[in-house]
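The structure under discussion appears below in the form of structure tokens.
The values are calculated or read from the model by the stated rules, or taken from the named source; none is laboratory data. None of these values were measured; they are calculated from a predicted model. Cβ coordinates were reconstructed from backbone atoms using ideal geometry, including for glycine residues, and neighbour counts include every protein chain displayed.
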Amino acid sequence: MLYVIKTNSVYLERLRGRIHLEQIPFSERGSRLLVFRREQCLYIRLAERWAKWEAEVGHYRRRRPVLDDFQLLDENNLPLELNIIAYPHAVFIETRLGEFWLTFLDEETLYLKLPAARGGISFRVMALHARADRRGGEFKGDPEHRSTHRNVAYTTNARLVENEIANNALENDGYARVKLKYAARDDDAFVLNITPRLGLERAVPRAEAVLQNAEKRWHNWFAAAPAVDEKYAAQYYYAWWILRAGLLSSRFFLTREAMMPSMLHYVGVWAWDAFFHALAYQYIEPKLAENQIRILLDHQREDGMLPDAVHDEGVIVRWEFRDKQGNPYEAEVTKPPLVAWTALKLYQTNGNRDFLDEIYEPVVRWNHWWLERNDDDRDGIMQYNHPNSSGLDDSPLWDFGMPVEAPDLNTYLVLQMDALARIAEILELPDDARAWRRKADELTTRIVEHFWDKDAGVFWATYNNEPLHVLTPFNLYPLLTGRLDQTKQQRLLEHLFNPDEFWLAHPIPTVAKNDALYDPQQMWRGPTWVNINYLFIEGLVRCGEIERAKLLRDKTLELLMTQNDIYEYYNPETGIAPPRAASVFGWSSAVFIDLAIKASRGEII
């Protein structure tokens, strides 16, 4: 196929072919529709969790497509070979019948431009109650049957020669098959609406305007982003694609538009991820950045706790896990306290004092929840009661049992109280500011007294008041406070920059390489996570280690450019994403964006 430019936007042309539809789907801001390719057909999956659905149609990561085997046919009902080039705004499909193109009319509606020819389309829909009509057909889901809860309509303004629905869904694995023939003119199209709503969208607008609008939406998104050095540009704009395509529109418990960690692997809003997503959105849509925090505060409990995650159908505040003997154990679950830290960064970029005024009391209540509800032995050191509250779900730090008193949690609380002190100053609350700084000082002192091992030169986490001798970067976390004396700071830096421990080809591994439990392929048991790098870059700056901070920043940017996609975590020795690392990953994209902008401006963090 000849290389033909399909867009006037330099940003969209730069991303030509990056969204290849095999592992990376075509999607749109706010949409739950993910369009994939399988050989010579397309299929559509839903980016929806709906746990109540699992018994009927499986876990959302492995759920069957809502629409499958979408084939373009010639006038003799023979499948067309598809030569596909995808852009952010549209998928162009060359065939022997002519060119088709596919784009989003809105977040629930796909628009397929037909060539002026006689041809056909066939596909299968996971739905019941089909009804064909002169322009296409409608399907209604039935929640009492083994079927999707989605309603589907297909409509064309081409002349329909044949329109057949084989509605044997119960006998056909839950699917009904559609087969149609058409005679299309120059401006004819096929519209597919997939929605949970009763109202179906069946208008077929003019093709030229539809494509122009799609191109404009995406062009304006990329054009709003700050410019970066050319060496970062290819991955930078791909990262911005992830952060737009992965946005979920407001629906049910999702009270605000918010970003999924990964449209393929983590559908919903997770608290820790949301804090990092906001760091990128602050550059182009300040309110969108702020809403990544607001959506969590919308679901704050009366006692101040914030949920671990928010999904369409509810929130997660308790979760079962198994202890080291395999016994089930249930506890409250949240995520690390970084709200004030994030909110202050948003203010420093956009200066919205009103936002700080809005969130100050709710964040104070969450901080009090940590201090008052997570210290069983009342020693002034806070504990994790659930592994997932740390964000480090499968870290070996939790292998020995729960609760664990952890230096990373208490460091986060110091950072949060430092941020609250600065926010209180901005809000002209000097007594609050002094109180928060005093509390941060006092907690730092307790961290040193409770966790510091002079001989090892690290801060060990503890279980049942006994140190957990697993060496992780989280044992170095008090470095991030910038409050340690030079002796302790130097000992921690020696560990961080030791090539046998953490300073590998692609630092920072989440377990030291020389630790017996190091596994560079297993999630939090060895791989590098770039959000942890981001926190260490900031911590090194706070400690006055400017050159080392710059070195870690540059290594982090290099790691994120090693592969075509952007992943959840990376092998610290090879830089390759392990097989189970989620792709099209949000916070890795956000970290790349923020660091690339800073590096291009000559800043560090």
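If you check H368 against the conditions, is it over 25 Å from the mean Cα position of the chain (by Cα) and at pLDDT 95 or above?
So H368 passes the test.
Could you give every pair whose Cβ atoms fall below 7 Å, whose first residue belongs to the range 244-270 and is in a strand (DSSP E or B), and whose second residue is surrounded by 21 or more Cβ atoms within 10 Å (Cβ to Cβ) and among the aromatic types (F, W, Y), counting only separations of at least 6 or pairs across chains? Within 7 Å, the pairs are S262/F585. Counting the residues of the range 365-384 that are surrounded by 17 or more Cβ atoms within 10 Å (Cβ to Cβ) and part of a loop (DSSP other than H, G, I, E, B) gives 3. The residues listed here are G482, G544, G539; of these, the one that is among the small types (G, A, S) and buried (at least 23 other Cβ atoms within 10 Å of the Cβ) is G539.
Of the residues contained in the range 78-89, one or more are found to be among the hydroxyl-bearing types (S, T, Y), touching a residue at least 60 places away in the same chain (Cβ under 8 Å) and not assigned by TED's automatic domain parsing to the domain that holds H265. Residue count for the range 414-453 satisfying the condition of being within 17 Å of E372 (Cβ to Cβ) and in contact with a Pro (Cβ under 6 Å, 6 or more places away or on another chain): 1.
So, of the residues in the range 35-63 that are crowded, with 16+ Cβ neighbours inside 10 Å and assigned to a loop (DSSP other than H, G, I, E, B), which turns out to be farthest from the chain's Cα centre (by Cα)? Here the answer is R63.
In the range 577-596 there is at least one residue that is out of contact with any Leu (no Cβ under 7 Å at 6 or more places or on another chain), touching a residue at least 12 places away in the same chain (Cβ under 8 Å), among the β-branched types (V, I, T) and buried (at least 16 other Cβ atoms within 10 Å of the Cβ).
A quick yes/no check of all residues on (1) in a loop (DSSP other than H, G, I, E, B); (2) modelled with pLDDT under 95; (3) crowded, with 20+ Cβ neighbours inside 10 Å:
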residue: A227; (1), (2), (3): yes, no, no
residue: Q235; (1), (2), (3): no, no, yes
residue: W241; (1), (2), (3): no, no, yes
residue: F275; (1), (2), (3): no, no, yes
residue: A278; (1), (2), (3): no, no, yes
residue: K287; (1), (2), (3): no, no, no
residue: Q292; (1), (2), (3): no, no, yes
residue: L296; (1), (2), (3): no, no, yes
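When S600 is tested against the conditions (1) more than 21 Å from W240 (Cβ to Cβ); (2) touching a residue at least 60 places away in the same chain (Cβ under 8 Å), the lone failure is (1). Residues being assigned to a loop (DSSP other than H, G, I, E, B) and under 18 Å from the mean Cα position of the chain (by Cα): count how many of those fall in the range 580-604. The total comes to 5.
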